[in-house]
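Structure record follows, encoded as structure tokens.
The values are calculated or read from the model by the stated rules, or taken from the named source; none is laboratory data. All figures in this text were calculated on a predicted structure; none of them were measured in a lab. Note that we place each Cβ from the backbone using ideal geometry, even for glycine, and neighbour counts take in every protein chain shown.
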Amino acid sequence: MSETKGPPGPPTAAPRRPLPPVVSQRPTPPAGPPPVIAPQRPTPAVGQLPVVASQQPQPESGGLGAALGKGLAAGTGGLVRITGKIFGEAQKRSGAAVADFRARPEHSRWRAYALGCYGLIVAGTLVAQLYNSNPLDAYVRLQLVDLPNTTMLFVRNDSKHEWRDVRVTVNGVYAFNSPEVKRGQTMLLPVTKFGLVDSATGRTTPAPKTLVPKQLSIDCDRGHIDVELTP
């Protein structure tokens, strides 16, 4: 009889060998002193500036220049202290004098005098600015004429107003009258047109041709002016 074989069974695993123990190996430090580890600087926070160590100034080398510099610095410091002391005493004395003067009744009077003088100066300045030596705005000129041999006077109204009841007087004696002088109008007057009126008889005596005008005055409803004449 033949032997009947069944299906093969699962393979049998070989037995495992145990692993050797793991030994940790630490590095052996070198012989000698331990290494110096530099201290770590703290990291600054956000928005904070890093702190920088201040550097100490190196002492200057000694010598004649250094000695002279120190001497000059000491002398300057002493001079400043002495000057400050002197001016401090002067300031204290002046302050005491001012306080004593203010406490006196004369201080009020002198202050009133000063304010009064200041007011007079201001008033005089304003009057000088507003004063006009020619309120009529008149233009006057003296002209010597050879042919005919006579002297002419030019009088012109340069103002913006008319002159009424005009009286022109030469040398304070001889006069010329006009009912009006319009603005911009010019009067050409020879000296023979000026005359002297006798108040008793009403007769007019004309001025001589040889008259030399030296002074002229104008009177009208707008005012009065005096003009010195030069040929």
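Suppose the filter is surrounded by 10 or more Cβ atoms within 10 Å (Cβ to Cβ), assigned to a loop (DSSP other than H, G, I, E, B) and out of contact with any His (no Cβ under 7 Å at 6 or more places or on another chain); does residue 135 pass it? Answer is yes for this residue.
Taking segment 139-183 as the range and being without any contact (Cβ under 8 Å) to a residue 60 or more places away in the chain, buried (at least 17 other Cβ atoms within 10 Å of the Cβ) and more than 26 Å from residue 205 (Cβ to Cβ) as the test, the residues that pass are 156, 157. Filter segment 161-208 for residues that are of a type in the set (S, T, N, Q) and out of contact with any Gly (no Cβ under 7 Å at 6 or more places or on another chain) and give the result. Result: 169, 171, 177, 178, 185, 186, 192, 199, 201. In summary, residue 223 fulfils each of the numbered conditions (1) at pLDDT 90 or above; (2) over 47 Å from the mean Cα position of the chain (by Cα) with the single exception of condition (2). Restricting segment 138-166 to residues that are among the charged types (D, E, K, R) and over 52 Å from the mean Cα position of the chain (by Cα) leaves a set whose member that is nearest to residue 216 (Cα to Cα) is 165. For segment 106-128, the criterion of being aromatic (Phe, Trp, Tyr), exposed (fewer than 10 other Cβ atoms within 10 Å of the Cβ) and modelled with pLDDT under 85 is met by no residue. Restricting attention to segment 192-220 and to residues that are in contact (Cβ under 8 Å) with a residue 12 or more places away in the chain and among the basic types (Lys, Arg), the residue that is farthest from residue 157 (Cα to Cα) turns out to be 209.
Exactly one residue out of 166, 155 is in contact with a Pro (Cβ under 8 Å, 6 or more places away or on another chain), within 20 Å of residue 229 (Cα to Cα) and part of a strand (DSSP E or B): that is 166. Scoring residue 120 on the criteria (1) free of Cβ contacts under 8 Å to residues at least 12 places away in the same chain; (2) assigned by TED's automatic domain parsing to the domain that holds residue 208 leaves a single failure, condition (2).
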